1. Please give the contour-minus-distance gain from Asp154 to Met338: 0.36 nm per residue of separation, less the Cα-Cα distance, rounded to one decimal in nm.
2. Under the 0.36 nm per residue contour assumption, what length would be gained going from the current alpha-carbon distance of Val208 and Met243 to full extension?
3. Quick one: which residues, 5 or more positions from Thr399 or on another chain, have an amide H under 5 Å from its amide H? H modelled 1.01 Å from N in the peptide plane, none for Pro or chain starts.
4. With a point put 7 Å past each Cα toward its Cβ, work out how far Asp109 is from Leu11 in nm, to one decimal.
5. Going down the list Lys291/Lys365; Lys325/Lys374; Lys374/Lys421; Lys395/Lys421; Lys375/Lys407; Lys306/Lys407, which pairs span over 25 Å between their C-alpha atoms?
6. Separation between the Trp410 and Gln265 pseudo-spin-labels, each 7 Å from Cα along Cα→Cβ, expressed in nm?
7. I need the shape label for the stretch 265-305. Rule: rounded when a/c is under 1.5, else prolate if a/b > b/c, else oblate, with a, b, c from the alpha carbon gyration tensor.
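Where a number appears in this text, it was derived from the coordinates with a stated rule and is not lab data. Not measured: the values here are computed from a predicted model. As a convention, Cβ positions derive from the backbone with ideal geometry for all residues, glycine included, and neighbour counts pool all protein chains shown.
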Amino acid sequence: MAYASLSQRVLASLMITTMLVSCSAEGLVPPASVDGETRVSSISPMASIPQSGGYSQPYPASAPVQPAPQQPAPMGVSEGQAGQLPMIDSDQAMGMQASQGNPGVIPQDGVNMDAQFGFTDNGANGGASDEVIGLAQEQDSMIAEGGTSQPVVDGIGTDNPMALGASAGMPPGQNDQVITIPPKRQGAGVQGAQSGGAPMWSDQTPVVAPTRLPPEEPQQVAMLAKPDNPMTEREAIRPRAVMPQSEVSCRAELRRLGVEFRDIQRIADGPSCGIEHPVLLSGFSGGINLKPATKLNCQTTLALAKWVKFELAPSSRYRYLSGVKTIESMGGYSCRRMNNSRQRRNPMSEHARGNAIDLGKFVLKNGKRIDVRKKSIFAFRERGLLNTVRDDSCKYFHTVLGPGSNKEHWNHFHFDLRSRKSGSRYCD
């Protein structure tokens, strides 16, 4: 083949293909037609074994076939057709179905399942004549006939209820009992109350007082309006600490001097800032106002009140023939360091404990306004008033600063009660 020509190779291929087709084409043609037209390849002849009813089931021809007893053909099927099944939806199959009845059609009256299982045939077809009765139906029948062991009462809701046969199997009416219901007691039938005797019901039974008291009415509680500031609510709920005797005595002295003040809540702004028992100062005796109202501790308030009463007011009347109307405050309590410094090495100011106050201006009742700033050489009365009250303030405060002390106090007086170990005072 290696030295064969091209034409020889093509001819050999055609011969091999022709031989394969001729060998296999014979088995592709069936021995008979299917449904009269279609032909299927490779179908071997099959033998039929008669089954019950005349129908046959195909088996391969090679299998051994045992002869079956001859049986009559089904109704509507001829003897020649008993060995094969009719075609589906053919006239022959439809005729057989019409002759045997249509088992797939549901009757108009429905299917009686009890009859199908043979439970209720009323003696027909040799079955039992008794019907099957359920438990609920049997109990209803026994109650209706009074043949039950459970008590049955007729006429419930009426004035004459009657117990029907309580014993099982007893004819109704022989064990019937009339149940008597006592009349209801009415309040109108109470007797004996007007005659002074014990009260009695209409059936001559004594009236017994109830042994259990009625439930108490729930107590009505008035709800207070919620404050706008939640911090104020918490401070109002928290009980105030007991005020020491020194604070009580200080407030009594303030009232004696005619000082206008009121107690306010504790101030706590950290470990270095706050006032345990602060007051809000708004005025002094003689109608002198402090504006704005300033937060201080009670001891500083008392020292300032004495200075105003015994130094400032007499000096203003002496030099201007007019009393003081208003003192303008530039600050009391303030959580800060000395001289408003931000450096940590500077100690905390006395303002951080409400122990100091700054004053900027004095307004007299005649309208004269005197500020604390340094005066010119020609302002004799103003300079004399300020120098006098500033020098006398050391009688009441431990520290006095003002214009000329340093640049931070060029426009106001600074008074505080700072305690020193030596007990000395600093007035500049």
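1. Taking 0.36 nm per residue and subtracting the Cα distance, the gain is 56.0 nm.
2. Taking 0.36 nm per residue and subtracting the Cα distance, the gain is 6.5 nm.
3. Asp416, Arg418, Tyr426
4. Result for the modelled spin labels: 9.0 nm.
5. Among Lys291/Lys365; Lys325/Lys374; Lys374/Lys421; Lys395/Lys421; Lys375/Lys407; Lys306/Lys407, the Cα-Cα distance tops 25 Å for Lys374/Lys421; Lys306/Lys407.
6. 4.0
7. prolate
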